[in-house]
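The values are calculated or read from the model by the stated rules, or taken from the named source; none is laboratory data. Bear in mind the structure is a predicted one, so any value in this text is a computation, not a measurement. Quick reminder, even Gly has a Cβ in these numbers, built from the backbone with ideal geometry, and neighbours come from all protein chains shown.
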Amino acid sequence: MGYGSGWAYFPSCRLMRQNIPVIVIGGYLGAGKTTLLNHLLRHADGRKIAILVNEFGDLPIDADIIEARDDEMITISGGCICCSFGSDMTAAMIKLAQLEPPPDYVVIEASGVAMPGAVAASISFLDGFSLAGVVVLADSERIRKQAVDEYLGDTILRQISDADLIVQTKIDLISNDMVLEVRDWLTSANSKAQVIATAQGRLPPEVILGVEMVAEQPHTSSHADAGYESRVFSGILPCNPIHLTKSLATGGLGIIRAKGFVADDAGQNWLIQIVGERFEITPTEADEHIAVVCIGRKGALKIGEIGVMLVGDSG
């Protein structure tokens, strides 16, 4: 994936079996990563999610959703799993790719002091996987104090700068005015990232994981959280896929995530994926349904402008 002036472009590649999307979850100790991951597992809705942690002790999964456990893997209700990778994340990823069936998503929980961008960079060297975004959690109560701490500040700011999505957590513990103040501060610390706020990790799974493809079409479930909305755009005219995807990602349209298929003037179909301002385009071989789904905060997703850009219609 690329930012702004960059993109992933593979002219000799044809997408046969899609790579497994990998989401890296980062944030300092106590930011709420465990709460968010348990929420994802409880609301997997048929998605097979594999969660990778450094040690099992780092992620206390809620006991009532654990079906089985051994030294290497925790089996979770609904077909999800949690694995410990210790000092060899690459070996753990290779094992995941060999599972039958393979997971639909891999979520890597970076340690509280790790740089999630460094973890994300390693994904590009692994066959069968593709980075689907870096999500960094920020504790609304403490993030600004942590950022100016003599010992923590550099780590905190580097973690935030790595993010495609910043999840502003624990908003139930501060006033509404402070929620907005912290959001503005996070935006100033990383203007490329979308900032989304939550209490108790309650977010629609596709905001964190990305848009699902059902029968080769982009699909979103109904959102339990009324703070988000999605829109599927069909009837998209042939376009320059690089220019279109970059414009969607960087045009200030309120898009948190987007995914779908477009066609160029030569009839070649392309899979486009967006998270924050990070975007990727990949040529495909099959004859997929031409449509794109966009997800954003309710009221912030500029549906009319997106519609004009995609189909020439503001409706």
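What's the number of the only condition in (1) touching a strand residue (DSSP E or B) at 6+ places or on another chain (Cβ under 8 Å); (2) in a loop (DSSP other than H, G, I, E, B) that Phe261 fails to meet?
(2)
Can you tell me how many residues in region 39-61 are surrounded by 13 or more Cβ atoms within 10 Å (Cβ to Cβ) and at pLDDT below 85?
Residues of region 39-61 that are surrounded by 13 or more Cβ atoms within 10 Å (Cβ to Cβ), as a first pass: 39-44, 47-54, 56, 58-59, 61.
Subset that is at pLDDT below 85: 54, 56, 58-59, 61.
Adding up the residues that qualify gives 5.
From the list Ile242, Ile236, Ile255, Ile274, which residue is buried (at least 18 other Cβ atoms within 10 Å of the Cβ) and not in a loop (DSSP other than H, G, I, E, B)? Steps first, please.
Numbers: Ile242 fails: buried (at least 18 other Cβ atoms within 10 Å of the Cβ); Ile236 fails: not in a loop (DSSP other than H, G, I, E, B); Ile255 fails: not in a loop (DSSP other than H, G, I, E, B).
Being buried (at least 18 other Cβ atoms within 10 Å of the Cβ) and not in a loop (DSSP other than H, G, I, E, B) holds for just one of Ile242, Ile236, Ile255, Ile274, which is Ile274.
Is it the case that region 92-109 has a residue that's surrounded by 14 or more Cβ atoms within 10 Å (Cβ to Cβ), on the phi > 0 side of the Ramachandran plot and outside any strand (DSSP E or B)?
no
Going by the conditions given, is Gly86 surrounded by fewer than 19 Cβ atoms within 10 Å (Cβ to Cβ), more than 13 Å from Tyr28 (Cα to Cα) and of a type outside the set (S, T, N, Q)? Break it down into steps so the answer makes sense when it comes.
Numbers: surrounded by fewer than 19 Cβ atoms within 10 Å (Cβ to Cβ): yes; more than 13 Å from Tyr28 (Cα to Cα): yes; of a type outside the set (S, T, N, Q): yes.
So Gly86 fits the description; yes.
Which residues, taken from region 65-81, are farther than 14 Å from Pro101 by Cβ and not in a strand (DSSP E or B)?
Ile65, Asp70, Asp71, Glu72, Ser77
Among residues belonging to region 256-289 that are touching a Ser or Thr at 6+ places or on another chain (Cβ under 6 Å) and in contact (Cβ under 8 Å) with a residue 40 or more places away in the chain, point out the one that is nearest to Ala193 (Cα to Cα).
We begin by selecting, within region 256-289, every residue touching a Ser or Thr at 6+ places or on another chain (Cβ under 6 Å); these are 269, 271-272, 277, 279, 281.
So of that shortlist, the ones also in contact (Cβ under 8 Å) with a residue 40 or more places away in the chain come out as 271, 277, 279, 281.
Details: Leu271: 22, Glu277: 7, Phe279: 12, Ile281: 19 Å.
Looking at the filtered set, the residue picked out is Glu277.
If you go through region 260-269 one residue at a time, do you hit one that is in contact with an Asp or Glu (Cβ under 6 Å, 6 or more places away or on another chain) and of a type in the set (Phe, Trp, Tyr)?
Yes, the conditions are met somewhere in region 260-269.
If you scan region 141-159, which residues turn out to be under 16 Å from Glu181 (Cα atoms) and surrounded by 13 or more Cβ atoms within 10 Å (Cβ to Cβ)?
Listed by number, the residues that qualify are Glu141, Arg142, Ile143, Arg144, Gln146, Ala147.
On the given criteria, is Val136 out of contact with any Ser or Thr (no Cβ under 8 Å at 6 or more places or on another chain) and closer than 28 Å to Ile274 by Cβ?
Against the criterion (out of contact with any Ser or Thr (no Cβ under 8 Å at 6 or more places or on another chain) and closer than 28 Å to Ile274 by Cβ), Val136 qualifies.
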